[in-house]
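The values are calculated or read from the model by the stated rules, or taken from the named source; none is laboratory data. Not measured: the values here are computed from a predicted model. Here the Cβ is made from the backbone with ideal geometry for all residues, glycine too, and neighbour counts use every protein chain on show. Accessible surface is based on the protein model in full, side chains and every heavy atom, while ligands, DNA and RNA are left aside. Shrake-Rupley method; radii C 1.70, N 1.55, O 1.52, S 1.80 Å.
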Amino acid sequence: MAMSGMGSDVVAVLPEVLLLVGALAALVGGAYTPRERQWVLRLVAVAALLGSSAAAVVGLTSPAGLVFEGTYAVDSTTGAVRLIVAAATLLVIGLGVDELAGHRQESETYALLLLSATGAVVMAGAADLLVMVVAFLLASIPLYALVGQARTASAAEGAMKTYLMGALFGIVLLTGVVVLLGVSGGEAGYAGLAVALETAPAGAVAAGAVAVIVGLMFKAGGVPGHFWVPDAAQGAGVTAAAFLTTVPKIGAVVAIYRLVDALPVTVDAQLVVAVLAVASMTLGNLAAFAQTAPRRLLGWSTVSQVGYALLPAAVAGRTDLAEPAMVLFLAAYAVTNLAAFAVVAALPRRVSIDDYRGLARSHPLLAGALLVSLLGLLGTPPTSVFVGKLLVATAAWDGGSGWLAVVLVVNTLASLFYYLRWFAPVFRGGEVDGEYPEPRAWATRAAVVGGVASVVLGLIAGAV
Amino acid sequence: MLSLVVFLPLVAAVVLAAARGLPDAAARWAWVVVSLVEVALVAVLWWRYETPAPLSSTESGLAFEEQVPWIPGVGTSYHVGLDGLSLPLVALTVVVFAACSIYALREDRRPRTQAALFLFLQTACLGVFAAADLIVFFVFFDLSIVGMYFAIAGWGHGSAQRSALQFFLYTFLGSLALLLGFIGLYVASGTFDMVELAANPPLVGAGVTGGLVLATVLVGLAVKTPTVPFHTWLPPAHTDASAVGSAVLAAVLLKMGTYGFVRIAMPMLPDAWRDFAWVILAVGIVSVVWGALVALAQTDLKRMVAYTSVNHMGYIVMAVGAAGLVGGSDEQARQLAITGAVTQMVSHGLITGALFLLAGVLHARAGTYEMGRFGGLAGRAPRFAVLLPVAAFASLGLPGFSGFIAELQMFTGSIAIAPVTAVALVGILLTAALFLRALQRLLTGEPGELTASFRDVRASELLAVAPLLVLATLLGVLPRPLLDVIEPAAGTVAALVAR
C-alpha cells in the first residue's frame, strides 16, 4: 500500500520532478557538449519547462489534496504557481538567449535556473516546515552562483551580499522553525501544526512565526531581507537579474501565505505580514525615487511590488478572495516585471534612464513594451497588474484591513514618480541614437511577448 | 453596436500606429474619416434611442445594453449601456473629437502619431460614459489620463513636460481615490455592477463608512471636475497643451468628473449624498465665484478660458449639491437642477471646445496667448472677429445659446431648493465682464504689436469651430430634443437620491 501511495505521490509532483530532471540533464549534458553546441541544452531546459507546464495543467484537473504524508499540498494554488514559475523561467531564458548563447557557462546557467525554479515551486507547495526549509535552500543556493557568474566587480559584490544575507536569514528561518517545532511537540506538518500550536504558549509561537516569516522575506526580497535585491539586480547578468527578482518571490510569498494560514488565532501573524508588507512597499518606492540606473530602479521597484503581493497573506484566512488575489497578482507581476527586464536586456548599453531618450522613435516596439510594462507595474488598467492590485486591495478591505488598501493606493501614487521618470524620456524627442548597437533580437521578442501577455492576462483575468 | 462605437477608434488607432510608412496627409484624413463615421454611428444610436424603463430591481434603465463576464470572482463584467445621462455625453464626445480631427488637418508635428493617440483617447472617453460597471468605468477613466498625458507632453508647448506631469500626478491621485471608493462599494455589496449598486445602494444607514466612501469618491471626482480647491492642475495643463488637447481636455475629460456625480455618487450613496449636500453645494458656489474672479485677473486668453471652466463646472456641482437637499424641496425642482447640470455638461463641452480651438488659432499665428499684445483684430481678421464673440457670448450664458438653457434650469432648480445659491449669480456677472473685456482687448482698439502678423481663420479651422457653435446655438433655440432625452434620466436620479 505504501508503495502504490508513494507512486501516485510522485505522479502528483511530476511537474517538480520534470524541472529537477531537466536541471540535472542540463548540468550533466553540459559537461559533454562543446561550447558552440550548448544550445542543445537550452532546448533541453525549454523542453523540461514545457513538460512541467503540461504536467501542471493535467494536475490542475485532479482533486486537491496533500501528498507525501501530508507534507506537500497539491491544490489549485500550487498548480498555478507551477505554471507561473515555468512561464516566467521560459521568459527569462528567452530574454537571456542573446547574453547566454555561446557563453562559457551556458548549460550551467540553465541548470541553476531550473534548480532554483524547482525550489521556488516546492516552497509554494510545502505544507510542512521541514519541506519548506529544504525548498528555501534549494531556491537560494543556485542564486548565489547565478549572481556571481558575471565575474565583474559589481557582480562579485552582489553575490557576496546575496550570500551573506541568505546565510543570515537562513539561520533566522531555521531558528524560527526549531522554536515552532519545539512548542508543537515535533509536529511539522501544517495541518497538525495548527492544532498543536493552539494550546502552545502564544509568546513562543509568535517568536517562532516572526522568525520564519522574516527568514522567508529574504527570498521574497522584501523588508527586512531586501538589501541584496538592488545590488544583485544591478550587478548580476541581466538574465540572472530578471530571474532573481521574479521567480523566488513567487515561492516565498505563497509559502508565507500558507504558513500564516496555518498558524492559530492565538498569534496575529497577519499583522506581522501586514507591517512587513507596508514597510516593503514604502521603502521600495522611496528608494526607487533616486535611482537612475534602470536595473537598480527595477530592483527597488520589485521590493515595493512584493509588498503588494504580501497583502493577501496579511488577511490570510479572513476572506475567500485572498488566495485568488495573490495568485493573480503574482502571475501578473511576473510577466510584467520580466517584460521590463527584457527591454533592459535588449538594450544592454543603455545604463541610465536618460539613455532611453527618443527610444519611441528609434525602436517603437521596445518603447511600447516598456510603456506597457512600466504602466503595468504602476497598476494602470488594462494591464494585468491593475487587476491584481484591484483584487489584492479588495481582499485586504474585505478581510477587515481597509487601511492596507489605503496604504496600497498611496504607495501606487508614489511609485508613479519613478516609473514616469523613466518612460517620459522615451517619448521625448532629442535623439541620442546612433552610438548604440541594434537591440538584441531575442530579448526584444521576449519583451513583446511579455508586454502582450501582461495585457492579455488582464483581459482574461476572469477565466484565470 | 455600442461596443462598436466605443472600440472602432481604438482599432483605427492601432492600425494608424502600426502603419509607419503612411504619408502624413493620409493619416490626417484617416482620422477625420473615422471620427465622422463615429458621429454618424452615434447619430444612428440617438435616432434609435427610446427612453428605457426607469431603473428598478428588474429594469436596468439602460438602452443598447451589452454584458460579458470578465472577473466573475469579484462581480465585475464588461457591462455597457446608455441612458439619458450618458447618451448626450457620448454624442458630445464624438462631435468634439470630430472637430479636433478637422482642426488638426494643419498639424505638422507627427500627425500620424497624434491621430492614433487621439483615437485611442476617444475610445477611453466613450468607454467612461458607456460603462455600467465601476471597474470598466475606472479602466477607461485611467486610460484617458494616460492618453491625455501623452497629448500634453508630446504636442504641448511652453513647459509642457512639467504641466503634463502635474496633470498626471493630480488626476492619477484622483483616480486612485475613486478606486478606493469603488472598492468600498464592492466590499459593502459584493458587486461592481453600477446598475445593481444603483438599484440596491449599499451602505445606506452605514453612517461613518458611507460618509468615508462618498468622501473618497467625491475627492476623486472633484479633482477631475475640477472644483476648488483641487483645480490647480487645470490652468497649466490647458496653457501648455495643444489646441486640440485643450479642447478635448475641457470639453470631454472634465465631464467625467461631473458625470460621476450623477452616475455614481448620487444613485449609489444617496443618504451620504444628502448628508454631504450642503458641503457639495458650498464647494460649487465657491468654485463659481473663485473661478470667475481668478479668470478676471488673467491676461492670457487660454488661462482665462481655463478658469472659466472652473466657474462653469462650479454651477454643475452647485446644482447637484442642491438636488441632494431633499427635505422641504419638491421633486420637480431637484429634477430641474439635475437636468440643467447635464445640459450644462453638453453645452460647456461645445462652447469651451470652440473657445480653446480659437485660442489655438491665436497661438498658431503669433505663438502667444497674451491678449495685451493683440488689438484691433476685428479689422484684420473678420472671420475670427465673428467666431470669437459668438463663442464668448455663448459661454457667458446669453439667451439663444445652450449655456442659457442650462444655467436657467440649474438656477431655477437650485434657488427653489436653497435660495442661498443665488449668490452664484455673481459668477454670471463676472464672466460676462471678463469675456467682454477680452473681446475688447483682442478685437477692438488700436492694433497691437502682433496684430499685423495675424492671418484670419483658415477653412479647416472654420470647419472645426463653426459646427460646435452652430450646435450650441441650435440647442439654445431648440433644446427639446436634448431635454427629452435628459429629463427622464434626471428624474430617475432625483428619485434615487431621495431614497
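Which members of the range A:292-309 meet the condition of being open to solvent by 10 Å² or more (accessible area, probe 1.4 Å) and either under 15 Å from A:I250 (Cα atoms) or among the small types (G, A, S) (or both)?
Passing the criteria: only A:A293.
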Can you give me the ranges of the helices (runs of 4 or more DSSP H) entirely in the range A:355-457 with at least 3 residues that are in contact with a Lys or Arg (Cβ under 8 Å, 6 or more places away or on another chain)? A:402-426
Give me the pairs: first residue in the range A:377-388 and at pLDDT 90 or above, second residue of a type in the set (D, E, K, R) and open to solvent by less than 10 Å² (accessible area, probe 1.4 Å), beta-carbon distance under 9 Å, and six or more apart or on different chains, which are they? A:F386/B:D142
Residues satisfying the stated conditions in the range A:180-190, i.e. open to solvent by 50 Å² or more (accessible area, probe 1.4 Å) and touching a residue at least 12 places away in the same chain (Cβ under 8 Å): A:G182
Residue that is of a type in the set (S, T, Y), at pLDDT 90 or above, surrounded by fewer than 21 Cβ atoms within 10 Å (Cβ to Cβ) and more than 23 Å from the chain's Cα centre (by Cα), where the choices are A:T152, A:T175: A:T175
Taking interchain pairs and intrachain pairs at least six residues apart, which have beta carbon atoms under 8 angstrom, with the first residue in the range B:21-45 and more than 16 Å from B:T113 (Cα to Cα) and modelled with pLDDT of 95 or more and the second in a helix (DSSP H, G or I) and open to solvent by 30 Å² or more (accessible area, probe 1.4 Å)? B:V37/B:L8; B:E38/B:L8; B:V39/B:V95; B:L41/B:L4; B:L41/B:L8
Among (1) within 18 Å of B:L469 (Cβ to Cβ); (2) assigned to a loop (DSSP other than H, G, I, E, B), the one test that B:V386 misses: (2)
Per-region count, the range A:199-222, residues among the β-branched types (V, I, T), open to solvent by less than 30 Å² (accessible area, probe 1.4 Å) and modelled with pLDDT under 95: 1
Kindly provide the set of residues from the range B:362-408 that are open to solvent by less than 20 Å² (accessible area, probe 1.4 Å), closer than 20 Å to B:V252 by Cα and in contact (Cβ under 8 Å) with a residue 60 or more places away in the chain, ordered by number. B:A391, B:A394, B:S395, B:S402, B:G403, B:A406, B:E407
Of the residues in the range A:315-334 that are at pLDDT below 95 and more than 14 Å from chain B (Cβ to nearest Cβ), the one that is surrounded by the most Cβ atoms within 10 Å (Cβ to Cβ) is A:A316
Picking from B:V223, B:V208, B:V195, B:V204, which residue would you name as being under 30 Å from B:Q67 (Cβ atoms), free of Cβ contacts under 8 Å to residues at least 60 places away in the same chain and among the aliphatic types (A, V, I, L, M)? B:V223
Identify the residue in the range B:172-207 that is away from chain A (no Cβ under 11 Å) and in a helix (DSSP H, G or I) and, among all such residues, is most open to solvent (accessible area, probe 1.4 Å). B:E196
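For (1) of a type in the set (A, V, I, L, M, F, W, C); (2) touching a His at 6+ places or on another chain (Cβ under 7 Å); (3) surrounded by fewer than 24 Cβ atoms within 10 Å (Cβ to Cβ), each residue gets a yes or a no:
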| residue | (1), (2), (3) |
| --- | --- |
| A:L374 | yes, no, no |
| A:P382 | no, no, yes |
| A:K389 | no, no, no |
| A:A395 | yes, no, no |
| A:V410 | yes, no, yes |
How many residues does the range A:271-281 hold that are open to solvent by 10 Å² or more (accessible area, probe 1.4 Å) and farther than 13 Å from A:W403 by Cβ? 3
Pairs only if they're at least six apart or on different chains, beta carbon under 6 angstrom, first in the range B:471-491 and more than 19 Å from B:A394 (Cα to Cα), second open to solvent by 10 Å² or more (accessible area, probe 1.4 Å) and not charged (D, E, K, R); list them, first residue then second. B:P488/B:T51; B:A490/B:Q335; B:G491/B:Q335
Can you tell me which residue in the range B:37-53 is nearest to B:V493 (Cα to Cα), limited to those that are touching a Ser or Thr at 6+ places or on another chain (Cβ under 9 Å) and surrounded by 15 or more Cβ atoms within 10 Å (Cβ to Cβ)? B:P52
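Quick test for you: out of A:T109, A:T61, pick the one residue that is β-branched (V, I, T) and touching a helix residue (DSSP H, G or I) at 6+ places or on another chain (Cβ under 7 Å).
A:T109
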Check A:L391 against each of (1) touching a Pro at 6+ places or on another chain (Cβ under 8 Å); (2) more than 8 Å from every other protein chain (Cβ to nearest Cβ); (3) under 19 Å from B:F141 (Cα atoms) and name the one condition it does not meet. (2)
Checking A:P439 against (1) within 14 Å of chain B (Cβ to nearest Cβ); (2) touching a helix residue (DSSP H, G or I) at 6+ places or on another chain (Cβ under 6 Å); (3) of a type outside the set (V, I, T); (4) open to solvent by 10 Å² or more (accessible area, probe 1.4 Å), which single condition isn't satisfied? (1)
Select, from B:V223, B:V146, the only residue that is under 20 Å from B:L126 (Cβ atoms) and open to solvent by less than 20 Å² (accessible area, probe 1.4 Å). B:V146
For the range B:68-101, how many residues meet the condition of being in a helix (DSSP H, G or I) and either over 30 Å from B:V32 (Cβ atoms) or within 14 Å of another protein chain (Cβ to nearest Cβ) (or both)? 3
Residue, modelled with the highest pLDDT, within the range B:149-163, restricted to residues that are more than 28 Å from B:A265 (Cβ to Cβ) and at the interface with chain A (Cβ under 9 Å from one of its Cβ atoms): B:F150
Within the range A:10-61, how many residues are within 19 Å of A:A120 (Cα to Cα), touching a residue at least 60 places away in the same chain (Cβ under 8 Å) and among the polar types (S, T, N, Q)? 0
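Looking for whichever is over 26 Å from B:A495 (Cβ atoms), away from chain A (no Cβ under 14 Å), open to solvent by 10 Å² or more (accessible area, probe 1.4 Å) and at pLDDT below 95 here; the options are B:E107, B:E65. Which one fits?
The match here is B:E107.
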Is one or more of the residues making up the range B:118-130 under 17 Å from B:S3 (Cβ atoms), within 14 Å of chain A (Cβ to nearest Cβ) and touching a Ser or Thr at 6+ places or on another chain (Cβ under 8 Å)? yes
